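The values are calculated or read from the model by the stated rules, or taken from the named source; none is laboratory data. For clarity, every value in this text was computed on a predicted model and none was experimentally measured. Ideal geometry is used to build each Cβ from the backbone, glycine not excepted, and the neighbour counts take in all protein chains shown.
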Amino acid sequence: MIKTFKFKLFHAKRNKKLHRQINAAGMSYNHCIALHKRYWKLYHKSLNIYALQKHLTKLKKLPRFAYLREIGSQALQDVAERIDKGYKLFWKNLERKKKTAPPGFRKIRKYKSYTLKQAGWNLDQEHGIIFIAKQKYRYSKSRDIEGRIKTLTVKRDCLGDIYIYFVCELPDNEVKARTGKSVGFDFGFKGKMLVAENPKEDIKEPSFFRKAMNDIACANRKLSSKRMRSNNRHRARLELARLHRKAANQRNAYHWQLARELCSRYAVICLEDLNMKFMQKGHGKKVMDYGFAEFQNILAYVGQQVGTRIVKIDRFFPSSQICSDCGYQNSEMKDLRIREWNCPACGTHHDRDRNAAHNIHQEGLRILLGSA
């Protein structure tokens, strides 16, 4: 089992060295992208990752590329690996005829992280101290690190705060599926993120961005009024970024708390496998504020730990069109503006979302029993 532990470094002047190292990783990334593009233009072939890593080792000896010495050799190798993964994904997407683009250049100030493996760092977990490139840093120790550390990633956010991520390998703990209540949820909009058959089981929307929208709009206006490349503009940009980060952190905390609550309450949870990018086109910020795709990943992770089965229903299953009483499929329900309807076959009155939640629940149980 792989588990990641995240800690924040304390603010200190020595953190400037880490910023220089991240900038150096960004410059090496752009240099490797240029080499890939030049190699393709000359030979119409992809550049071999091992040849690129050897080339970067030679460049470190040249005065022109002295910035490469800022970061460890393993971090440089990881930069080449990131680009190689990006190009492999690009070719796969082309084969699938999926809209895609090859890895491109990045702004240095927006480059976020670099990764070290076995060398280049040392950890004193007892005192909350880490040594990176022989420089001592203190981090906020919120918990002990478990398992064997595989990699260390140094990452900065848009506010300039630096975090360290330990990717650890832990022994697999076999968690058996438990028995208990089951539930089906339909994705909702009007004040509810998840709609269940029983109104008492509905989940409210996490509208943290909407609550902060006035403050964000005010911060945006302040930023637009500041002169370019001035200190006032820099402070205004940080204020805006701080508001966005607060909303994102609140949403993330809400997702984890909700996932643990649902997994402790239900043994089986049935959801639709929705195309969230398509839904964003029609509903924009509201869907983005829910963070539903991220919540599904968190729910699957927590469910795996406690033995709750998360069943995803195919997105093309007509959950809103089928009458939950007689099974009649009403094609008129493709119109999303219809929120309530009467079944033409049996006359049963349905609420669109609650009827869909019932159908999702039944279909999820059918899939679960079929796979058992």
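Number of residues in region 140-155 that are surrounded by fewer than 13 Cβ atoms within 10 Å (Cβ to Cβ) and among the small types (Gly, Ala, Ser) equals 2.
Could you list, in sequence order, the residues of region 235-279 that are among the aromatic types (Phe, Trp, Tyr) and surrounded by 16 or more Cβ atoms within 10 Å (Cβ to Cβ)?
Pass one, region 235-279, residues among the aromatic types (Phe, Trp, Tyr): 254, 256, 266, 278.
Answer for region 235-279, where residues must be among the aromatic types (Phe, Trp, Tyr) and surrounded by 16 or more Cβ atoms within 10 Å (Cβ to Cβ): Tyr254, Tyr266.
Yes or no: Phe295 among the aromatic types (Phe, Trp, Tyr), modelled with pLDDT under 95 and loosely packed, with under 14 Cβ neighbours inside 10 Å? No: the conditions fail for Phe295. Listed by first and then second residue, the pairs with beta-carbon distance under 6 Å, at least 6 apart or on different chains, first residue in region 155-182 and over 22 Å from Tyr139 (Cα atoms), second in a loop (DSSP other than H, G, I, E, B) and among the small types (Gly, Ala, Ser), are Leu170/Gly147; Val175/Gly307; Lys176/Gly307; Ala177/Gly307; Arg178/Ala267; Arg178/Gly307; Thr179/Ala267; Gly180/Ala267. Selection of first residues in region 278-290 that are closer than 18 Å to Ala253 by Cα and of second residues that are charged (D, E, K, R) and not in a helix (DSSP H, G or I), restricted to Cβ pairs under 7 Å at least 6 apart or on distinct chains, gives the following pairs, ordered by first then second residue: Tyr290/Glu205. Within region 2-31, residues that are at pLDDT 95 or above sit with their Cβ atoms under 7 Å from residues that are part of a helix (DSSP H, G or I) and surrounded by fewer than 16 Cβ atoms within 10 Å (Cβ to Cβ), at 6+ positions apart or across chains, in these pairs: Asn23/Ile108; Gly26/Ile108; Met27/Ile108. Within the option set Lys150, Lys200, being in a strand (DSSP E or B) and either within 30 Å of Ala357 (Cβ to Cβ) or of a type in the set (Lys, Arg) (or both) holds for one residue only, Lys150. Here Asn297, Asn252 are screened, and the one residue that is touching an Asp or Glu at 6+ places or on another chain (Cβ under 8 Å) and under 25 Å from Cys158 (Cβ atoms) is Asn252.
Do we find a residue being in contact with a Pro (Cβ under 9 Å, 6 or more places away or on another chain) and part of a loop (DSSP other than H, G, I, E, B) anywhere in region 274-284?
No, region 274-284 has no match at all.
Meeting the requirement of 3 or more residues that are under 33 Å from the mean Cα position of the chain (by Cα) and in the same structural domain as Phe292 (by TED's automatic domain parsing), the strands (runs of 3 or more DSSP E) wholly within region 303-372 are 309-313. You will find that of Lys37, Lys6, Lys13, the residue that is of a type in the set (D, E, K, R) and either within 26 Å of His55 (Cβ to Cβ) or not assigned by TED's automatic domain parsing to the domain that holds Glu70 (or both) is Lys37 and no other. Condition check: surrounded by 14 or more Cβ atoms within 10 Å (Cβ to Cβ), under 30 Å from Pro318 (Cα atoms) and under 24 Å from the mean Cα position of the chain (by Cα). Does Met213 satisfy that? Criteria not met by Met213. Take the residues in region 180-196 that are at pLDDT 90 or above and within 14 Å of Tyr266 (Cα to Cα); name whichever of them is surrounded by the fewest Cβ atoms within 10 Å (Cβ to Cβ). Ranking the qualifying residues of region 180-196, first place goes to Lys181. What are the residues in region 322-363 that are farther than 19 Å from Asn198 by Cα and crowded, with 18+ Cβ neighbours inside 10 Å, if any? Result: Asn330, Met333, Cys343. Applying the set (1) part of a helix (DSSP H, G or I); (2) within 26 Å of Ile130 (Cβ to Cβ) to Arg38 leaves exactly one unmet item: (2).
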